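Single-structure report; data block below.
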Amino acid sequence: MPSFKTVRFGDLDYRDDDVITLPEGLLGMPTLQRWLMLEMGENVPMKWFQSLDRADFGFPVCQPGFFHDEYAVDVPTGLQERLGAEAPEDLITLIITTVHPGGERVTGNLLAPMVIAAESRRGAQVVQESDGYGIRQEIDYLKFGLAVHSDAVDNGEATESSADREPGVEESIETQESVVV
């Protein structure tokens, strides 16, 4: 089993099939292509997206429903095919999230979300051209708070109990299809 030493989480053991690949990297960081999605804590509806190409780099990601009820990503058909997704429903959307100093403000970049094909575990950052979305969209604190204090995600589905998860290891993308993470 491969192991990787991170600045934030120390040594991580992971399986090769846990790796999410962004073939083009992130905007401005094309060499950061291999990632793991890690738990941030029990009952936290946010995950940590950790680079395997740079031990000191990662960021929180969250499901779009915590920022905008009707958020939709326009994924070009060619990109969908390159990621190995047969249909738009096979893509999971992640919002790059910023927890500001003190943790009292949380924002998400709705103009450049990531999409990941659940089956192939290949993803890309997609730049949106929409006047209705921003790069510092405030999270819906009520919805987020309710998710922290319950086992339900915003679409009404139950999440996997923390007792069923491996400590410090990501949840399967397949179990989070409409919300990832």
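Data for the structure
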item	result
Loop sites in region 77-128: trypsin sites (Lys or Arg not before Pro), DSSP, at most 16 other Cβ within 10 Å	ARG105
Formal net charge of residues neighbouring GLY25 (Cβ-Cβ distance under 12 Å; K, R +1; D, E -1)	0
Residue order, fewest to most beta carbons within 10 Å, for ASP18, ASP69, ASP131	ASP131, ASP69, ASP18
Cβ-based exposure ranking for PHE59, PHE4, in which fewest neighbours within 10 Å come first	PHE59, PHE4
Relative contact order (%) - region 3-158, alpha-carbon pairs under 8 angstrom, separation at least six	20 percent
Candidates per GluC sites (Glu not before Pro) in region 54-157, loop by DSSP, up to 14 other Cβ within 10 Å	GLU70, GLU86, GLU104, GLU119, GLU129, GLU157
Rounded if a/c under 1.5, otherwise prolate or oblate - region 3-158, Cα gyration tensor axes	rounded
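Each value in this text was obtained by applying a stated rule to the coordinates, not by laboratory testing. It should be emphasised that the depicted structure is a prediction, and the values quoted were computed from it without experimental measurement. As a convention, Cβ positions derive from the backbone with ideal geometry for all residues, glycine included, and neighbour counts pool all protein chains shown.
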